[in-house]
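Asks: Quick one: structure below, then a few questions.
The values are calculated or read from the model by the stated rules, or taken from the named source; none is laboratory data. Keep in mind the model is a prediction, meaning the values are calculated, not measured. So basically every Cβ, Gly included, is an ideal-geometry build from the backbone, and we count neighbours across all protein chains shown. In case anyone asks, the SASA skips ligands and DNA or RNA and just uses the protein heavy atoms, side chains included. Shrake-Rupley method; radii C 1.70, N 1.55, O 1.52, S 1.80 Å.
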Amino acid sequence: MKKLRTCMIVGAGRGGLALLQILQETKMMKVIAMVDCDQGAPGILKARNSGIAVFEDWKVALNQFEIDVIVEATGDEAVFEEIRDRREKHTVLIPGSVANIVLKLIEEKEILIDTLRHQSKQQEIILDSTHDGMIAVNVHEEVTLFNRSAEKITGISKELADGKIIGSLMASSRLPRVLSSGKAEINKEQLLPNGKKIITTRIPMFNDEGKRIGALAVFKDMTAIEQMAQEVTNLKSVQSMLEAIIQSSDEAISVVDETGKGLMINPAYTRLTGLQREEVIGKPANTDISEGESMHMRVLRTRKPVRGVQMKVGPAKREVVVNVSPVIVDGLLKGSVGVIHDISELHSLNNQLQRARQIIRTLEAKYSFEDIIGESEEMTFSVQQAKLAASTPATVLLRGESGTGKELFAHAIHNASDRKYNKFVRVNCAAISESLFESELFGYEDGAFSGARQGGKRGLFEEANGGSIFLDEIGEVSLGTQAKLLRVLQEREIVRVGGAKPISINVRIIAATNAKLEKRIIDGSFREDLYYRLNRLPIQIAPLRQRKEDITALAKHLLTKINQDYGRNVKGITDGAVDYLKSYDWPGNVREFENVLGRIVIHMDVSETMIDSHHLPSLLSEQKDADVLFVERTPDKMLSQLVDEFEKKTIRQTLAHYEGNKTATAKALGVSLRNLYYKMEKHGIEKSGMQ
């Protein structure tokens with residue numbers, strides 16, 4: 001079932017009331033708000049009785065509801081312009097219309113004139129019921145019709161007027177002139193003897209033989225016309241407005257009449273299909289279709305909308321998706337409107353979605369404390385701290401070398417907290433480019449920058465509202481973004497890029513880093529105030545070399561996972577193999593350990609079920625090679641200097657080993673590519689990496 005577009009009517013006078021009734025009858029749109037400063041206006045009373053929200057100020061309604069269409073029915077140009085400037089870009093703004101009322105009046109007048117020619121008694125009854133004043137004279141200028149509205153407007157009684165010469169009643173009457181000339185006078189101003197100004201239309205009357213038999217004046221008090229003009233917009237102006245909206249739309253639009261003949265297309269339609277106006281207007285609805293059925297004709301046949309139908313259009317056979325809706329007024333089918341989307345645009349949007357999914361993953365946390373393997377004193381203490389952290393809303397900082405399982409701890413903390421049924425959003429701070437980082441984290445407003453999505457976009461903090469957000473490699477965040485993160489921690493609110501309005505959020509922050517933040521503070525690359533906010537509940541995760549007694553349990557757990565991944569049946573590992581694995585320091589920690597076990601299983605014969613010493617790679621020789629990097633301690637060197645020298649030497653030798661390949665070097669060192677570039681610049685290592 002098609003969802004009705006939501007509508008707000010601004011102005012609840014007679015015009016607004018009429019428009020509300022028409023929309024309720026036709027059910028083309030759902031009116032969800034009625035606005036007027038006069039809360040006793042007829043439209044307001046009708047809206048209340050219908051269960052529609054009423055407001056004195058349209059701005060309040062606009063902030064409260066998601067509104068598709070706004071109808072400005074006050075007639076105040078300033079109000080119209082203010083709404084136009086304040087509305088959302090996707091919201092359609094049109095003036096209010098009494099098109100149906102005008103149409104009914106015209107039909108009523110035609111019926112009355114026809115009745116006047118053929119049924120004099122019935123004519124008098126009907127004409128007396130209209131609000132328009134009517135005066136008719138015969139060829140002798142004698143009054144033959146003087147209805148009740150004419151009596152009210154002129155102040156002359158009907159009894160006095162009947163049969164009298166019109167000039168004796170109203171010296172300013174122009175009916176004798178129309179009777180004499182046989183020419184109609186349309187919408188003329190006239191001043192009556194009682195001082196009232198009227199707008200009148202005078203027409204000569206003829207019989208079936210074409211003989212002139214009299215003249216008729218239809219008129220309205222000018223004050224009533226001026227009031228109506230303030231409340232409603234002329235039908236022609238509404239048509240012009242709708243045409244302007246369609247022509248300026250970036251969506252390809254085509255409109256056909258009830259017979260399926262083309263009525264209107266816009267420039268976007270021509271750009272998409274390659275068909276010019278003269279090739280479509282007045283032509284059958286299937287003119288633009290190269291493959292597929294005309295959805296316009298289906299909608300006209302069934303009077304039901306269609307959505308998401310694929311077809312090919314135009315000489316170039318462009319693949320498109322079309323949505324077509326019928327246009328029904330007072331129960332009568334007047335035509336249909338089609339909106340055409342280029343599928344290539346949808347593919348582009350899908351690619352953007354996939355790219356966003358690659359940058360971050362928004363999902364439920366997968367791991368719990370039961371998934372953290374290890375009974376060593378170090379691991380037991382870390383788990384106890386993490387469980388304590390889960391029971392509080394405090395910010396957590398997970399610290400440890402790369403591959404120690406910081407993300408696993410983050411999952412477990414979220415799953416053990418009272419936020420476990422809400423979102424857990426993971427963000428790798430080093431994987432997102434600096435230019436995109438702020439907009440991804442905090443979102444952006446419509447038009448914030450070139451290429452911004454129409455309507456803006458929620459950031460990751462908003463996505464995680466009510467849940468937890470895991471900021472991995474927090475030490476890689478730029479100083480500018482650090483300041484904004486500090487605001488989130490202090491004020492619990494964010495401001496979108498390009499926006500000014502703060503948005504309150506309720507998010508548990510779990511940060512992680514393998515960097516020495518204290519050293520970063522000293523060299524000015526990390527804010528001290530942010531450090532103290534993040535370090536409220538620090539949890540240090542020990543490297544595998546400090547808890548080698550956990551290797552046996554880890555191996556058993558990891559082998560279960562590896563067997564599932566590779567379809568193998570390796571049941572365990574021998575004591576000799578365990579002793580050999582414990583002799584290695586595992587600089588890559590659990591991640592390296594899992595990688596080594598995976599390689600061993602892949603190379604084992606499918607009939608083998610136990611890992612023995614001969615299956616193991618030469619880990620100790622690799623460690624011996626790493627020992628060449630040892631930096632000798634001298635009395636004049638501080639620990640920080642020795643660390644810098646070791647880091648510089650390690651990067652240079654690894655770069656040389658991989659012949660300057662930065663990606664391979666970063667992977668081998670267990671750091672992000674961005675972090676590698678930062679360290680190369682810090683230590684003055686040329687980007688060739690080979691000097």
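Asks: Kindly state which strands (runs of 3 or more DSSP E) lie completely within the stretch 242-330 and contain at least 2 residues that are in contact with a His (Cβ under 9 Å, 6 or more places away or on another chain).
Replies: Numbers: elements: 252-257, 262-265, 289-291, 306-313, 318-329.
Counting at least 2 such residues, we get 252-257, 318-329.
Asks: Right, another one. Can you find a residue in the stretch 672-683 that is closer than 26 Å to residue 525 by Cα, modelled with pLDDT of 80 or more and assigned to a loop (DSSP other than H, G, I, E, B)?
Replies: First, pick out the residues of the stretch 672-683 that are closer than 26 Å to residue 525 by Cα: 672-683.
Now narrow it down to the ones that are modelled with pLDDT of 80 or more: 672-673, 675-683.
This time we only want the ones that are assigned to a loop (DSSP other than H, G, I, E, B), so: 672, 683.
Yes; the residues of the stretch 672-683 include at least one that is closer than 26 Å to residue 525 by Cα, modelled with pLDDT of 80 or more and assigned to a loop (DSSP other than H, G, I, E, B).
Asks: Got a number for residues in the stretch 408-424 being surrounded by fewer than 23 Cβ atoms within 10 Å (Cβ to Cβ) and within 12 Å of residue 371 (Cα to Cα)?
Replies: Counting residues in the stretch 408-424 that are surrounded by fewer than 23 Cβ atoms within 10 Å (Cβ to Cβ) and within 12 Å of residue 371 (Cα to Cα) gives 2.
Asks: Ok, one more. If I ask for residues that are hydroxyl-bearing (Ser, Thr, Tyr) and either under 18 Å from residue 577 (Cβ atoms) or in contact (Cβ under 8 Å) with a residue 24 or more places away in the chain (or both), which ones from the stretch 532-559 would you list? Reasoning before the result, please.
Replies: Looking only at the stretch 532-559, we keep the residues that are hydroxyl-bearing (Ser, Thr, Tyr), and these are 532, 552.
Scanning the stretch 532-559 gives a single hit, 552.
Yes/no per residue for (1) in contact (Cβ under 8 Å) with a residue 40 or more places away in the chain; (2) in contact with a Leu (Cβ under 8 Å, 6 or more places away or on another chain):
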position: 56; (1), (2): no, no
position: 59; (1), (2): no, no
position: 64; (1), (2): no, no
position: 67; (1), (2): yes, no
position: 70; (1), (2): yes, yes
position: 75; (1), (2): yes, no
position: 80; (1), (2): no, yes
position: 84; (1), (2): no, yes
position: 87; (1), (2): no, yes
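Asks: Right, next: Checking the conditions here, which among 602, 551, 522 is hydrophobic (A, V, I, L, M, F, W, C), over 26 Å from residue 406 (Cβ atoms) and over 41 Å from the mean Cα position of the chain (by Cα)?
Replies: Working: 551 fails: over 26 Å from residue 406 (Cβ atoms); 522 fails: over 26 Å from residue 406 (Cβ atoms).
Sole residue among the options that is hydrophobic (A, V, I, L, M, F, W, C), over 26 Å from residue 406 (Cβ atoms) and over 41 Å from the mean Cα position of the chain (by Cα): 602.
Asks: Checking the structure you have, find out if any residue of the stretch 155-163 is touching a residue at least 24 places away in the same chain (Cβ under 8 Å), of a type outside the set (Val, Ile, Thr), in a loop (DSSP other than H, G, I, E, B) and closer than 19 Å to residue 199 by Cβ.
Replies: There is at least one residue in the stretch 155-163 that is touching a residue at least 24 places away in the same chain (Cβ under 8 Å), of a type outside the set (Val, Ile, Thr), in a loop (DSSP other than H, G, I, E, B) and closer than 19 Å to residue 199 by Cβ.
Asks: How about the stretch 20-41: which of its residues are outside any strand (DSSP E or B), touching a helix residue (DSSP H, G or I) at 6+ places or on another chain (Cβ under 8 Å) and either within 15 Å of residue 75 (Cα to Cα) or open to solvent by 60 Å² or more (accessible area, probe 1.4 Å) (or both)?
Replies: Applying the first criterion (outside any strand (DSSP E or B)) to the stretch 20-41 yields 20-28, 36-41.
Of the ones still in play, those that are also touching a helix residue (DSSP H, G or I) at 6+ places or on another chain (Cβ under 8 Å) are 20-22, 36, 38, 41.
21, 36, 38, listed by residue number.
Asks: Run down 456, 447, 480 and say which single residue is exposed (fewer than 15 other Cβ atoms within 10 Å of the Cβ), of a type outside the set (Asp, Glu) and touching a Gly at 6+ places or on another chain (Cβ under 8 Å).
Replies: On the way: 456 fails: exposed (fewer than 15 other Cβ atoms within 10 Å of the Cβ); 480 fails: touching a Gly at 6+ places or on another chain (Cβ under 8 Å).
Answer to the selection: 447.
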